[in-house]
Amino acid sequence: MQREATVLSIAGGRYRLYAAGEILEASLRGRIKLGKSERVLVGDRVAVEMQVEGSVTIEEIRPRRSLLKRRMPGKRRGVRNIAANIDQVVVVGATADPSWDPLMIDRFVAVAEANGLPSLVVVNKADLGNDVNLLAEPYEAAGYQVIIASVPEHRGLTELREKLKGRVSLFTGSTGVGKSSLLNALHPGLKLRTQEVSARSRTGKHTTVAVEMHPFGDAGFVVDTPGLRDVGLWGLGPLEVVQSFPEFARFAGQCRFDNCRHLVEPGCAVVAASQRGEFSETRLLSYRRLLEEAMLAARP
């Protein structure tokens, strides 16, 4: 008998699936292992066969509606697929412990933009900082949804829970910003592992070790990703970086040069707009850093 299921996690050649409220353990059918098709990802919708002896095998990967990719870590070339069928990326940063890092937030948001996915920015640990609105403002001005949250104060949790209903939401952000704590507060049954920030370095300790999807409410899922100290560019090319800062678009056509990169060119309308306070200077600084890195990576 064949059924359709969603891949929740992958470990040691075993696949944990969710099918109509039931958790299944499955393996891959041999022809999929040996074929040229994409490997199975967390978030994939798959056709499974219920064998007479009680085992479950994955027979087919259903067509994907979205795909999140990242650059291979280290100096290795190529791109690695991370998860499939994501509806939105929830980018979490902390006001303190560890400190808010606009460049890191902008990296994650740019990755979502390049993958054609909407972003929701969460300013977490609001109870530890007084400048939460200043942290949120650059992203609100760029048109992103922003939620200010605090688990101890139960702040922003109801609003965030509503944003997750009926959707597949991938949570990402630097190590220690409180992604797992947020998810546990939103859905206590998840019981995700959490750990305090390192007292010596004030950076987070890795607690999530693999991409995992969890059912959330009646029709939603949340995807918890490993904390990352260096997200890299996730395979973004220079043109993708340019297109990943939407607030620049209405000014870019006013630059003196058609091919202006908004770096050091004279007559740059984007730079002028930043100087007028039309958008945050931190966003322009992040853009320049990411573009320079992408251009360097693109060199033969």
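Brief remarks follow.
- Residues in segment 279-300 that are open to solvent by 40 Å² or more (accessible area, probe 1.4 Å) and of a type in the set (Lys, Arg): Arg288, Arg289, Arg299.
- Residue selected from segment 194-220 under the condition exposed (fewer than 12 other Cβ atoms within 10 Å of the Cβ) and more than 22 Å from Ile147 (Cβ to Cβ), by the criterion modelled with the highest pLDDT: Ala210
- Selection of segment 39-71 for residues being in a loop (DSSP other than H, G, I, E, B) and open to solvent by 40 Å² or more (accessible area, probe 1.4 Å) yields Arg39, Gln51, Val52, Glu53, Gly54, Ser55, Arg62, Pro63, Arg64, Arg65.
- Verdict on Asp106 being surrounded by 15 or more Cβ atoms within 10 Å (Cβ to Cβ) and farther than 19 Å from Ser280 by Cβ: no
- Scanning segment 2-25 for residues that are part of a strand (DSSP E or B) and either of a type in the set (Ser, Thr, Tyr) or more than 22 Å from Gly220 (Cβ to Cβ) (or both) yields a total of 8.
- When the residues of segment 265-278 are filtered to those that are touching a residue at least 12 places away in the same chain (Cβ under 8 Å) and open to solvent by 20 Å² or more (accessible area, probe 1.4 Å), the one that is nearest to Pro246 (Cα to Cα) is Glu278.
- Checked across segment 113-120, the condition of being surrounded by 16 or more Cβ atoms within 10 Å (Cβ to Cβ), in a helix (DSSP H, G or I) and modelled with pLDDT under 95 holds for at least one residue.
The values are calculated or read from the model by the stated rules, or taken from the named source; none is laboratory data. Worth saying up front: this structure is predicted, and the values here are computed from it rather than measured. With ideal geometry, Cβ positions are generated from the backbone for all residues, glycine too; neighbour counts draw on all protein chains shown. Surface areas here come from the heavy atoms of the whole protein model, side chains and all, with no ligands, DNA or RNA. Shrake-Rupley method; radii C 1.70, N 1.55, O 1.52, S 1.80 Å.
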